[in-house]
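Worksheet: one structure, shown below.
The values are calculated or read from the model by the stated rules, or taken from the named source; none is laboratory data. Since we're looking at a predicted model, the values are computed, not measured. With ideal geometry, Cβ positions are generated from the backbone for all residues, glycine too; neighbour counts draw on all protein chains shown. Just the protein is used for accessible areas: all its heavy atoms, side chains included, with ligands, DNA and RNA removed. Shrake-Rupley method; radii C 1.70, N 1.55, O 1.52, S 1.80 Å.
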Amino acid sequence: MNTFSQIFKFPKSFLISIILITLFIGSSLVSSQQPKAAREIIFKGNNYGKLYNQGKLRTYYLYIPKSYNSQRSMPLVLVFHGDDSNGKSISQVTRFNQLAEQEGFIVVYPDALNQTWSLRANSTEKVDDVLFISSLIQHLQQELNIDSHKIYATGFSRGAILTQALACKLSNQIAGFASVAGSLPVRLKPNCQPQTSISMLMINGTNDHDVLYEGDDHTQRGALMSISDMVDFWRSHDQCTSSLRSSEFSSDQVEDSIYTGCTNNSEVWQVAVINGGHFWPGGASTDDNLNKFNAKLGLNASQTIWDFFQRHSLPVNRQ
């Protein structure tokens with residue numbers, strides 16, 4: 001009986017090559033159909049990433065703890081820097097990497113274009129950073145196993161203002177918000193009508209000369225609500241019925257009030273640092289005077305924020 005190679009007079013080496021090529025192509029097709037996140041190697045520890053959004057190349061710094069397991073979902077914390085800064089810098093100030101390693105969550109520090117956040121598309125950069133953050137969350141969810149019910153946002157200064165804007169617009173993606181040395185822009189208030197309750201922690205110094213406790217009319221960032229008005233705004237939105245002055249902080253320079261009885265178990269928490277300036281309480285600093293002030297203060301903003309976040313998660317119907 002004539003074999004295939006005899007009829008067509010192909011050498012055996014040629015047929016073996018054809019078979020190997022066929023197997024290679026088949027395996028490549030199977031690989032290309034797998035989810036991108038499953039194909040990529042995830043490096044625990046420090047990572048740097050980028051994505052294109054609204055026609056701009058955006059970058060971010062990411063920390064993944066050693067306990068990360070792609071088979072188990074993990075919370076995600078977004079941390080936003082202030083003006084003239086970047087993601088890496090705010091990571092060093094807040095020390096969220098160390099906390100992420102201890103507590104088991106992923107933390108991402110996005111970079112603003114030209115080191116300042118934009119809240120509307122008609123800005124100089126013509127980008128909307130609220131849309132960018134929404135896209136970044138979706139991007140990270142494709143790359144990592146993130147618990148979609150436990151995504152949180154916090155920021156400092158201009159980054160805190162962005163955090164307030166995210167509370168207005170991304171309550172379906174983010175479960176809890178914490179702003180440090182920031183407030184809600186006056187111009188956003190009329191249109192800040194999230195369809196769900198908002199869990200919000202606000203930490204402000206009463207002697208902050210950049211974000212004034214009594215309200216800020218600074219033309220560069222626009223008018224900001226006073227801290228008391230901001231707190232009342234979120235209390236009213238969440239329909240909170242009671243307040244409890246907390247005794248968690250032993251220092252007489254820290255006064256705080258937790259507002260409870262809010263809809264859907266939401267919570268509004270105000271922390272005031274008496275005579276405190278424009279800083280991240282408990283954060284790293286090269287200023288010796290600030291380090292001494294922090295040592296006496298006994299307030300670690302990063303730990304306080306994470307403790308607050310752990311009390312809140314998105315209900316299933318808010319996905």
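For this structure, a couple of remarks:
- For peptides 47-57, 71-81, sequence by mean Cβ density within 10 Å, most packed first: 71-81, 47-57
- Relative contact order computed over the range 48-197 (Cα-Cα under 8 Å; 6+ residues apart), in percent: 24 percent
- A straight Cα-to-Cα reach below 16 Å connects Lys88 with the aspartates and glutamates Asp111, residues fewer than 8 places away in its own chain not being considered.
- Charge tally in the Cβ shell below 12 Å around Val77, where Lys, Arg are +1 and Asp, Glu are -1, Val77 excluded: -1
- Which listed pairs, of Lys44/Lys169; Lys150/Lys296; Lys169/Lys189; Lys56/Lys150, have C-alpha distances above 22 Å, in listed order: Lys44/Lys169; Lys150/Lys296; Lys56/Lys150
- Cα→Cβ-extended label distance, 7 Å offset, between Asn207 and Gln102, nm: 2.8 nm
- Expressed as a whole percent, the accessible surface of the range 145-197 that belongs to carbon and sulfur atoms is 44, based on a 1.4 Å probe.
- Taking 20 Å as the straight-line reach from the Cα of Lys292, the aspartates and glutamates in range (excluding those fewer than 8 positions away in the same chain) are Asp208, Asp252, Glu255.
- Theoretical gain in end-to-end length, Asp307 to His149 [0.36 nm per residue, Cα-Cα removed]: 55.3 nm
- A Cβ-based charge dipole, computed about the Cα centre of the range 132-239 with Lys and Arg at +1 and Asp and Glu at -1, lands at about 280 debye.
- If you take all other residues with their beta carbon under 9 Å from the beta carbon of Arg245, and give Lys and Arg +1 and Asp and Glu -1, the sum is -2.
- Gained length - Ser257 relative to Ser285, 0.36 nm times residue gap less alpha-carbon distance: 7.4 nm
- Surface accessible to a 1.4 Å probe, Cys192 within the full protein complex, Å²: 10 Å²
- Model label sites at Tyr48 and Asn264, defined 7 Å from Cα along the beta-carbon direction, differ in position by 3.8 nm.
- Approximate spin-label separation Lys56-Ser243, in nm, with each point projected 7 Å along Cα-to-Cβ: 3.7 nm
- Relative contact order, percent, the range 79-166 [alpha-carbon distance under 8 Å, six or more residues apart]: 38 percent
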